[in-house]
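First up is the structure itself, then whatever we jot down about it.
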Amino acid sequence: MTLLAKDMSMRALHGLLPAAIPLMLAGMLAGILAACASAPAAEEAVDPAAATVPVFTSVQPELFGVVGSLSNAWGDFDNDGDIDLAVSLKSGEVRLYRNTAGAFASAGKEMGLPQSGHELRGLSWGDFDGDGDIDLLGGSTSPDNLTYVFRNDGGKAFIDVAADIGLTIPGRSARQTNWIDYDNDGDLDLYSGNRMGGNKLFNNAGGKFTELLGNGGPSDTRPTVGACWFDMERDGDLDLFLANQSGATDAMWRNDGATFVDVAPALGMDAPGRTREEGGVGCAIGDYDNDGDFDVFVPSYGHNLLYRNDGGGKFTSVGKELGVGVENHAVGAAWGDYDNDGDLDLSVIAYEGPNNAQTPLNKLFRNDGAAGFVDVLTKDSLINAGDHGVEWVDYDMDGGLDLALTDGYGPDGGHFVFRNDLPEPARKRSLSVMVLDSAGHFTRAGAEVRLLDASGKVIASRQVLTGGGYNTQSAIPVYFGLAKTSPVTVEVTFMGQSGPKSQRTVGVRPANYAGKSLIVRQAD
């Protein structure tokens, strides 16, 4: 091109420039927006400056404000995708609340559950007959009364079938009851804790239950309140921790297949030297240090206990050094990441004061990693409201773990549901995983779920609940708070007679599961 031609082109462009600028800018803006839309979203991480004191709102207090509330258990009894709530009362009533898109309505009477009668001190959801509907067990506190097993008939009615299937369990002062597959044969067996001693393990054969006798293991005669099953050494079967009362030592029954062996004394987990007024009252299983192994917290009369799992079936007592080994007359506990920062926090339910005038003295220990735990609860806090039951559950599926408590002693007691008011950016840092058997039924209590980052490192672990809270077993997804929103691999480990088997789902983007759960079915 000649210099004259170049000059003419520049003049032409200069003449067009004023009119072209808006069009050019609009095109550039459209290109930028298109590029942003097609590019991966920027990774959102925990804001270290964010408030760590929890903010909760009481949900439908006029509905839930019922005195004498004991155990609270969550499960989707009608299979509509919303998690419903069952509560046992001192009056003998079993309250059932149907959850419809986060709004609750009482449904126990119409479903055939007791409206009065014997006090039930524990509630456990489990699909014992493998028909796809979770059933509800209630255990009586009086040894003169019996255990109830309410079979769920398609989400339309509950019928007590305990006598028909061999689970009336006479002579029992019921505390924790666990639906678990201790022998890895594919169906749910039953373990019954007894506050008066004489625990029992029942084998499920085609929906009929037979007590196992004479193996010297789970038929523990100590006064048991808390019972938690988990795979302590990751060998593919469920072991049993027992929290025992009235000065008795605790137990850690290792499952060796045909037999059980109490290894608590050798592991330093038996808590010897208690007075008659001291003892373990419950247990909660969680991987508080995100190392892939499950740790054990024991709320107690006396100092609470925390056992760190060091791998290979070895444990170290770390409660006092990490700040949770306090003495606060604790009765129940539950792990949950309330602030979605990627590690498990701990709610501990306790009370103080004389008989018939007790008041809540709860703790909410925020997990600060290597720095230990810090109690962020004050006596005047809205959620310092329970003296028995405690469960973490995302009942409204908004990504924030909500808190459910019960108050059994207070004159203004109730079974409270507190919605977690996390800001939206924090709620996005979450993932819910529902673990089912090969038929799509909720029968895999004790299965393990781990999240792995892009390098293959375990960043968090959860267990499908086998029991906890206060004599409770809920049938709910496992919940993860996340430090980051980047894709993860979800690894589910199922117990099996040939050892543990793991299934992986790679490249899971948490944002794709907002408002719902990732479903993982066991492979055939």
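Please get the size of the charge dipole for the stretch 434-502, origin at its Cα centre, with Cβ charges of +1 on Lys and Arg and -1 on Asp and Glu, quoted in debye to the nearest 20.
Working: 6 positive and 4 negative charges, 22 e Å.
Roughly 100 debye for the stretch 434-502.
Which number comes out as Rg/Rh for the stretch 370-524 once both Rg and the Kirkwood Rh are worked out on C-alpha atoms?
On the way: Rg = 17.2 Å, Rh = 17.2 Å.
Radius of gyration over Kirkwood radius for the stretch 370-524 works out to 1.00.
Suppose every K and R has +1 on its Cβ and every D and E has -1 on its Cβ; what is the size of the dipole of the stretch 199-325 about the Cα centre, in Debye to the nearest 20?
500 debye
Just tell me the longest site-free run in the chain, where the sites are trypsin sites (Lys or Arg not before Pro) in a DSSP loop having at most 14 other beta-carbon atoms within 10 Å.
With a cap of 14 other Cβ atoms within 10 Å, the longest stretch comes to 157-275.
For the stretch 336-400, treating each Cα as an identical point scatterer without solvent, what Debye log10 I(q)/I(0) comes out at q = 0.13, 0.19, 0.23 1/Å?
At q = 0.13, 0.19, 0.23 Å⁻¹ the computed log10 ratios are -0.42, -0.80, -1.03.
Between LYS484 and ALA103, what length in nm is gained on full extension when 0.36 nm per residue of separation is reduced by their alpha carbon distance?
Taking 0.36 nm per residue and subtracting the Cα distance, the gain is 134.1 nm.
If I take every Cα pair under 8 Å that is 6 or more residues apart in the stretch 236-305, average their sequence separation and divide by the length, what percent do I get for the relative contact order? Let's see the in-between values first.
On the way: 130 pairs, mean separation 18.4, N = 70.
Relative contact order for the stretch 236-305 comes out at 26 percent.
Kirkwood Rh and Cα-based Rg: tell me the resulting Rg over Rh for the stretch 223-381, rounded to two decimals.
Radius of gyration over Kirkwood radius for the stretch 223-381 works out to 0.97.
Would you mind computing, in nm to one decimal, how far apart the modelled labels at SER58 and LYS314 are, each placed 7 Å from Cα along Cα→Cβ?
4.9 nm
Placing +1 on the Cβ of each Lys and Arg and -1 on the Cβ of each Asp and Glu in the chain, which of LEU451, GLY247, TRP229 has its Cα farthest towards the positive end of the resulting dipole?
LEU451
Per residue, how many Å² of accessible area does the stretch 404-513 show with a 1.4 Å probe?
Ligands and nucleic acids excluded, the result is 35 Å² per residue.
Considering just Cα atoms, how many Å³ per residue does the convex hull of the stretch 96-240 enclose?
132 Å³
Suppose R0 equals 41 Å. What FRET efficiency, 1/(1 + (r/R0)^6) with r the Cβ-Cβ distance, do LEU382 and ALA523 give to the nearest 0.05?
Taking R0 as 41 Å, the efficiency between LEU382 and ALA523 is 0.40.
State to the nearest 20 debye the size of the charge dipole of the chain about its Cα centre, where the only charges are +1 on K and R beta carbons and -1 on D and E beta carbons.
Result for the chain is approximately 860 debye, rounded to the nearest 20.
Can you compute the equivalent ellipsoid semi-axes for the stretch 297-452, i.e. the square root of 5 times each eigenvalue of the Cα gyration tensor, sorted largest first and rounded to whole Å?
The answer is 26, 21, 17 Å, longest axis first.
Keeping the other protein chains in place, figure out the carbon and sulfur percent of the accessible area of the stretch 358-420, with a 1.4 Å probe. Walk me through the intermediate numbers first.
Numbers: 1010 of 1950 Å².
Answer for the stretch 358-420: carbon and sulfur cover 52 percent of the accessible area.
Viscosity 1.306 mPa s, temperature 10 °C: give me the Stokes-Einstein translational D for the stretch 154-213 in µm²/s, with Rh taken as the Kirkwood radius over C-alpha pairs.
The diffusion coefficient I find is 128 µm²/s.
Take the alpha carbon atoms of the stretch 191-247, find their center, do the same for the stretch 306-335, and report the distance between the two centers in whole angstrom.
21 Å
Put +1 on the Cβ of every Lys and Arg and -1 on every Asp and Glu Cβ in the stretch 135-219; which of PHE150, ASN178, GLY138 then has its Cα farthest towards the positive end of the dipole?
It is GLY138.
When only DSSP loop residues count, what GluC sites (Glu not before Pro) in the stretch 51-142 have their Cβ near at most 14 other Cβ atoms within 10 Å? Could the numbers behind the result be given before it?
Values: sites: GLU62, GLU93, GLU110, GLU119; in loops: GLU93, GLU110, GLU119.
Passing sites in the stretch 51-142 are GLU110.
If you bin the C-alpha pair distances of the stretch 270-319 every 10 Å from 0, what whole percents do you get?
Using 10 Å bins, I get a P(r) of 26, 51, 21, 3 for the stretch 270-319.
What is the distance in Å between the Cα centres of the stretch 123-188 and the stretch 391-443?
Answer, in whole Å: 23.
Say R0 is 56 Å: what FRET efficiency, to the nearest 0.05, do SER219 and GLU424 get from their beta-carbon distance?
0.65
Divide the volume of the convex hull of the Cα atoms of the chain by its number of residues and quote the answer in cubic angstrom per residue.
In the chain, the Cα convex hull volume per residue is 188 Å³.
Which of the listed residues, GLY399, GLN60, ILE83, is farthest toward the dipole's positive end in the chain, when Lys, Arg count +1 and Asp, Glu count -1 at the beta-carbon?
Ranked along the dipole, the leading option is GLY399.
Please state the equivalent ellipsoid semi-axes for the stretch 243-292: what are the square roots of 5 times the Cα gyration tensor eigenvalues, largest first, in whole Å?
Each semi-axis is √(5λ); the values are 21, 17, 10 Å.
With a point put 7 Å past each Cα toward its Cβ, work out how far ASP412 is from SER116 in nm, to one decimal.
Inter-label distance under the simple model: 2.7 nm.
Under 27 Å between alpha carbons, and skipping anything fewer than 8 positions from LYS501 in its own chain: which lysines qualify?
LYS314, LYS457, LYS516
Specify the angular offset, from 0 to 90 degrees and rounded to the nearest 10, of the alpha carbon long axis of helix 3-38 from the longest principal axis of the alpha carbons in the chain.
With both axes taken from Cα atoms, the answer is about 10 degrees.
The values are calculated or read from the model by the stated rules, or taken from the named source; none is laboratory data. As the structure is a prediction and not an experimental result, all values here were calculated from the model. Here Cβ is always computed from backbone atoms with ideal geometry, including for glycine, and neighbour counts include all displayed protein chains. Quick note on the areas: whole protein, heavy atoms, side chains included, nothing else; ligands and nucleic acids left out. Shrake-Rupley method; radii C 1.70, N 1.55, O 1.52, S 1.80 Å.
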